[in-house]
Every structure is written in structure tokens, then in C-alpha cells.
């Protein structure tokens, strides 16, 4: 691998790990709690009649599992650019939801479990401004991985994968972009 490819790999490692950890912890906390408290308020206002109990149920039950899958994919470096691209709509939705909460004058979320589910007992419950800051960081981390990761978008190169030459990482000069 070229020197620039190695540099890009190291520059994207921290944002990829942080994005993966935050998504994984958040998803596990929400799935364990069995609810996504308050996550649908923004959509209720935005979509009104198009929004129903079925959609609320789908978000409450699928969102945590989506976060878990994306977090695991990023931590194991399985299709990292694709996982980062799929995390962008999540981060954008979280940003919109928190911006709406701030615009409504909320200083804190009324229900526990909004961001990190059961882990908020240990981590504390973030305010809407703190949540917005975390969500903006998630968005930036995803963009860094999408644009700087040294492997093609559809390349499969988990860190535990061994190439023919015996090197781990599955990255070779041909796959580098």
C-alpha cells in the first residue's frame, strides 16, 4: 500500500471507531430498553397525517437494530464507506430532531432513554444541545470515513481479513483509491 493510503487509513481509524462505538452503544441501550422514547416528536409535527402508529412502531423497533448493525460494521471495518453512508440519514434525522427540540425551548428531554437508552443511567441524560453536538460529530465522522478511507466504496476489507501475502486488513494497492 502506498504511504498516502496508510496515512488515510490511520486518519480514518479514529472517526470510524468513534462513530461505530457511539452507534453500537446507543443501539444496544435503546434495544435493551425496548423503546425509542421521544424519537418521533419531530416526525409527528413534520408529517402529521402521513405518520401513524405503524410508522412509530417501526422506528421504535428497527432504529436500535440499525444502529447496532452499522456500529458493528464500522468497528469491524466491514464495508466502512457504505456503513458510514448509511449512518448519514440517521445522523441527519437526529440533528433535525434535536434542532426541533431546541426550537421548542426544551432544556432537557422529558423521558429517559432518548439517546443511549438504559446506558443513560450510567452516562447521564444529555440535553438537546449536547445531543445535537454529538449528532453533528457523528455526521462529520461519517463524512471523514466516506471521503478519506483508502479503499473503494464497495470493497470488503475487515481488519481481521488476511490477504494472500499474509498481511491483515485486506487492503492492497489495487483496491486503494
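Throughout, read-outs are computed from the coordinates displayed, never taken from laboratory work. Computed from a predicted structure; not experimentally measured. Don't worry about glycine lacking a Cβ; one is built from the backbone with ideal geometry, like all the others, and counts go over all protein chains shown.
Key figures for this structure:
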| read-out | value |
| --- | --- |
| Peptides 65-74, 129-138 ordered by average Cβ neighbours within 10 Å, highest first | 65-74, 129-138 |
| Ranked 4, 127, 12, criterion: other C-beta atoms within 10 Å, fewest first | 4, 127, 12 |
| In nm, spacing of pseudo-spin labels at residue 121 and residue 106 (7 Å Cα→C-beta vector) | 2.2 |
| Fewest-first ranking of 141, 147, using other Cβ atoms within 10 Å as the exposure measure | 147, 141 |
